[in-house]
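The values are calculated or read from the model by the stated rules, or taken from the named source; none is laboratory data. Just so it is clear, the structure is predicted and the values come from calculations on it, not from any experiment. Cβ placement follows ideal geometry from the backbone for every residue including glycine, while neighbour counts extend to all protein chains displayed.
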Amino acid sequence: MVRAAAGPGGGLRMGTPRGRWVLLTTVLGSSLAMLDATVVNVALERIGEDLDAGFSGLQWTVNAYTLTLASLILLGGSLGDRLGRKRVFLVGVVWFAGASLLCGLAPDITTLIVARALQGVGGALLTPGSLAIISASFHGADRAAAVGAWSGLSGVAGAVGPFVGGWLVEWSWRAVFLVNLPLAAVIVVVAVRHVPESRDPEAAGKLDWAGTALVAVGLGALTFGLTAAGEGGSGYLLWIALGLVALAAFALVQRRAAAPLVPPQLFANPQFTAANGVTLLVYAALGAVFVLLVLDLQVVAGFSPLVAGTALLPVTVLMLLFSARAGALAQRIGPRALLTAGPLVAAVGVLLMARIDDDADYLTEVLPAAVLFGAGLTLLVAPLTATVLDSASDRYAGIASGVNNAVARAASLLAVAVVPVAAGIGGDDYTDPDLFAAGFRTAMLICAGLLVGGAVVALVWVRRPLAAAGPAEGAAAGEEPGPEERLHLEECMHCGVTGPQLYPVEATTREGTR
């Protein structure tokens with residue numbers, strides 16, 4: 001087995017066979033989790049029809065995965081630091097594949113929901129390891145090139161995914177899950193043979209199991225209560241109360257834990273708190289939009305799964321082409337303007353989506369909305385990630401991005417539960433074009449309001465410009481970033497719509513130490 005060299009990075013070089021194998025493994029691993037988080041939305045209508053599921057069943061098909069992923073992703077990164085990033089990454093891949101098999105064979109909606117929750121556990125184990133393996137494996141300047149290649153290739157996978165997913169759904173929704181098995185097999189074979197193992201020798205000896213349990217119970221109970229409210233059942237207020245109490249207890253535990261999942265000192269920085277406030281509102285809107293839009297396009301507009309799946313392809317293409325430029329612009333002019341303008345432009349796109357009806361034309365109604373929505377996200381997402389990283393010291397860079405990622409996924413989780421309830425969508429409404437269309441319009445107005453709220457938070461509370469050389473060096477404003485700072489910026493560029501990019505501690509090289 002190859003082991004990474006000691007120190008801030010390993011000894012692999014770009015252009016070598018082993019370097020290419022490591023890059024392939026990490027790209028496929030990140031794509032495995034990313035695609036399942038997005039392509040499943042395209043399959044929801046067919047899943048509901050085949051398994052005779054109500055709308056709450058479709059909500060839980062999405063939320064079961066997001067719940068376990070959001071609850072465990074910080075723990076997954078910590079386990080990799082302590083037990084070995086390659087080892088935990090491989091466990092996550094195998095676990096994800098096994099859960100995908102169960103999803104593909106699920107005879108009913110309950111089994112599918114349980115399998116999706118298990119998928120989220122696997123995703124939480126493999127997702128943090130993808131970029132961390134690159135950072136720990138490659139040598140010095142080659143690390144920046146490897147991160148850039150990983151970013152570009154993962155972006156291409158994100159662009160192709162909805163098209164492939166839509167094609168698979170037209171054949172069978174089960175294929176969306178079963179296609180993960182051969183992909184996971186390739187990842188395991190290549191990783192075992194070619195990926196070096198690495199650990200963080202300075203990682204804390206204890207894991208915050210109490211904090212992990214409380215955040216899982218809190219998010220789970222809150223999501224269950226909000227979803228049950230839409231079904232008109234009783235007792236949902238008790239579930240909501242339990243969720244709020246568990247999350248409050250989580251906040252108290254973090255203040256006293258020896259190795260907390262979320263170090264309280266992070267939120268002592270107003271810029272970090274503001275950036276996460278923007279994240280909460282924006283990603284809540286994104287979570288609801290991406291679930292409801294593909295349903296509306298199929299149920300109301302009558303689009304095929306293939307066309308519905310690729311309707312938002314302009315969003316991915318715009319982010320892939322221009323996110324790096326938006327991040328560089330934020331470095332020059334500061335993040336406040338972009339974090340304000342981005343959500344507002346995206347909100348206009350969402351308002352245009354509310355106009356999609358039963359005779360919608362893709363070119364005149366869907367495409368303009370998708371382009372504006374994508375332009376807004378392009379302005380927003382990379383500067384938001386950069387702001388989060390800039391608000392934390394080098395010591396907490398990795399955990400800061402992990403917290404931001406978890407906030408985004410929790411926001412999406414709760415929005416998918418509560419926005420349909422607020423919009424009056426429930427039961428079998430998704431099978432009735434007229435009922436779903438009315439609820440969809442209301443939901444898009446709510447999502448536009450969330451985006452505007454994110455813009456207001458950015459305008460009022462995001463104040464400090466980004467440091468050109470990062471917080472550790474305090475370089476003068478306007479100074480050109482060096483190679484290591486360019487790596488810091490480049491890692492902000494591949495920013496997914498399901499959650500901000502995780503940023504590994506090992507990539508932080510400005511101080512030259514760990």
- request: Could you check, for segment 188-199, whether at least one of its residues is closer than 30 Å to Arg255 by Cα and either in a helix (DSSP H, G or I) or of a type outside the set (Gly, Ala, Ser) (or both)?
  value: yes
- request: Name, by its number, the condition in (1) of a type outside the set (Val, Ile, Thr); (2) buried (at least 19 other Cβ atoms within 10 Å of the Cβ); (3) at pLDDT below 90 that does not hold for Arg395.
  value: (2)
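Listed here are the residues, each with its yes/no results for (1) of a type in the set (A, V, I, L, M); (2) surrounded by 17 or more Cβ atoms within 10 Å (Cβ to Cβ).
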site	(1), (2)
Ala229	yes, yes
Leu237	yes, no
Ala241	yes, no
Leu244	yes, no
Leu247	yes, yes
Gln254	no, yes
Ala259	yes, no
Pro263	no, yes
Leu266	yes, yes
- prompt: When you go through (1) part of a helix (DSSP H, G or I); (2) of a type outside the set (A, V, I, L, M, F, W, C); (3) over 22 Å from Leu280 (Cα atoms) one by one for Arg355, which number turns out not to apply?
  reply: (1)
- request: Take Val381 and decide whether it is out of contact with any Cys (no Cβ under 7 Å at 6 or more places or on another chain) and either surrounded by fewer than 24 Cβ atoms within 10 Å (Cβ to Cβ) or in a helix (DSSP H, G or I) (or both).
  value: no
task: State whether one or more residues within segment 4-12 are more than 16 Å from Ser137 (Cα to Cα) and at pLDDT 80 or above.
output: no
statement: Among Ala213, Ala184, Ala241, the single one that is closer than 30 Å to Tyr396 by Cα and assigned to a helix (DSSP H, G or I) is Ala213
message: Anything in segment 48-99 that is outside any helix (DSSP H, G or I), under 27 Å from Leu414 (Cβ atoms) and in contact with an Asp or Glu (Cβ under 7 Å, 6 or more places away or on another chain)? List them, or say none.
response: Gly54
message: Looking at segment 273-296, can you tell me whether even one residue there is in contact (Cβ under 8 Å) with a residue 40 or more places away in the chain, over 21 Å from the mean Cα position of the chain (by Cα) and part of a helix (DSSP H, G or I)?
response: yes
- line: Residue count, segment 327-359, condition over 29 Å from Leu295 (Cα atoms), surrounded by fewer than 24 Cβ atoms within 10 Å (Cβ to Cβ) and among the small types (Gly, Ala, Ser), comes to 3
query: So how many residues does segment 360-371 have that are surrounded by fewer than 22 Cβ atoms within 10 Å (Cβ to Cβ) and either among the aliphatic types (A, V, I, L, M) or closer than 14 Å to Thr316 by Cα (or both)?
result: 4
message: in a helix (DSSP H, G or I) and modelled with pLDDT under 95: is that true of Leu339 in this structure?
response: no
query: Inside segment 141-189, can you point out the residues that are of a type in the set (Phe, Trp, Tyr), buried (at least 20 other Cβ atoms within 10 Å of the Cβ) and closer than 12 Å to Ala43 by Cα?
result: Trp173, Phe177
- prompt: Yes or no: Arg255 of a type in the set (Lys, Arg) and not in a loop (DSSP other than H, G, I, E, B)?
  reply: yes
Search result, residues across segment 342-378 that are closer than 17 Å to Val300 by Cα and within 21 Å of the chain's Cα centre (by Cα): Val350
- prompt: Can you tell me which of Ala337, Ala311 is over 19 Å from the mean Cα position of the chain (by Cα) and under 20 Å from Gly165 (Cα atoms)?
  reply: Ala311
